[in-house]
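Take this structure first; my questions come after.
Please treat every number below as a calculation from the coordinates, not as lab data. In this text the structure is predicted, and so the values were computed from the model without any measurement. No Cβ is skipped: glycine too gets one built from the backbone with ideal geometry, and neighbour counts run over all protein chains shown.
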Amino acid sequence: MLDELKKDAAERMAKCVTALRSEFKRMRTGRASTALLDGLRVEYYGSEMPLSQVANVVVEDARTLSITPWDKSMVQVIEKAIHKSDLGLTPNTAGAVIRLPLPPLTEERRREIIKVAHREAEGARVAVRNVRRDAMNDLKEMLKEKLVSQDEDRRAQDEIQKLTDKYVAEVDQVLADKEKELLQV
C-alpha cells in the first residue's frame, strides 16, 4: 500500500518535469525547431487541426523552418495562422512551400524569455509540491485508519520528501539548461 503511494507520487512528479520540458521546447531560442509550431492550430474544412496534421514541418537549416501543406489550398490558411500566433515570425511563401526564417534573438528578448522560463519552472515546482501534499494527506488518512504504524508513516514521509527534493532539483536542472541554451549567441 505504501509502495503504491510512493510509486504514484513519483510518477506524478515525473510528469510535472516532463510537462515542463515540453513547454520549454515550444520556447523560441533562436534555433529552428519543429516544436515551435506544436501548439499552432489551423482551420481545416471547418475544424481546428494541429499544423502537423495538415502539413509537413521540417528544419531546413539552423534558422529556417519549412512547411509543406499536403493540400495546396492550405497555404494561405497556414500563413494566416502563423501571423495570428504569438510567435512573432513572418512566413515567406514560394509556391506551395512556406519558409519561416527565425531572426536572431535580441538580448532584451532573451531576458524576457528567461523570465517566462522561470515562471514555468516555478509552476512545475508548485505542481511537484502539490503531489507531495496529496501523498502526505493520503498518509495521514492511512495513519488515522490505523492501516500503517507511526514508524512506517514517518519513514514514508521522509521518502516522499526525498522524492520531492529529487524532482525539484530536476526542475532546477532543466531550467538551468534552458537558460544556458537561451543565453548562447
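Taking the square root of 5 times each eigenvalue of the Cα gyration tensor, what semi-axes in Å does the equivalent ellipsoid of region 61-151 have, largest first? Kindly include the intermediate steps, with their values, before the conclusion.
Details: eigenvalues 495, 75, 19 Å².
Each semi-axis is √(5λ); the values are 50, 19, 10 Å.
Using alpha-carbon positions, what is the distance between the centroids of region 63-84 and region 123-144, in Å?
Centre-to-centre distance over Cα atoms comes out at 45 Å.
Under a Cβ-only charge scheme (Lys and Arg +1, Asp and Glu -1), can you give me the dipole magnitude of the chain about the Cα centre, in debye to the nearest 20? Please list the in-between numbers first.
On the way: 33 positive and 33 negative charges, 92 e Å.
Once rounded to the nearest 20, the dipole reads 440 debye.
Moving on to the next point. Would you kindly give the portion of the calculated P(r) for region 98-153 that falls above 13 Å, as a percent of all Cα pairs?
Considering region 98-153, 73 percent of its Cα-Cα pairs are separated by more than 13 Å.
Per residue, what volume in Å³ does the Cα convex hull of the chain take up?
Details: hull volume 25.3 nm³, N = 185.
Convex hull of Cα atoms, per residue: 137 Å³.
If the only charges are +1 at each Lys and Arg Cβ and -1 at each Asp and Glu Cβ, what is the size of the charge dipole of region 34-101 around the Cα centre, to the nearest 20 debye?
Numbers: 6 positive and 8 negative charges, 25 e Å.
Here the size comes out at about 120 debye.
How big is region 34-101 along each principal axis, measuring the range of its Cα positions in Å and listing the largest first?
Dimensions of region 34-101 along the principal axes of its Cα atoms: 34, 25, 17 Å.
Turning to a different aspect of this structure: Relative contact order for the chain: what is it in percent, counting Cα pairs under 8 Å that are at least 6 residues apart? Spell out each step's value before the answer.
Working: 205 pairs, mean separation 46.1, N = 185.
Once divided by the residue count of the chain, the mean separation gives 25 percent.
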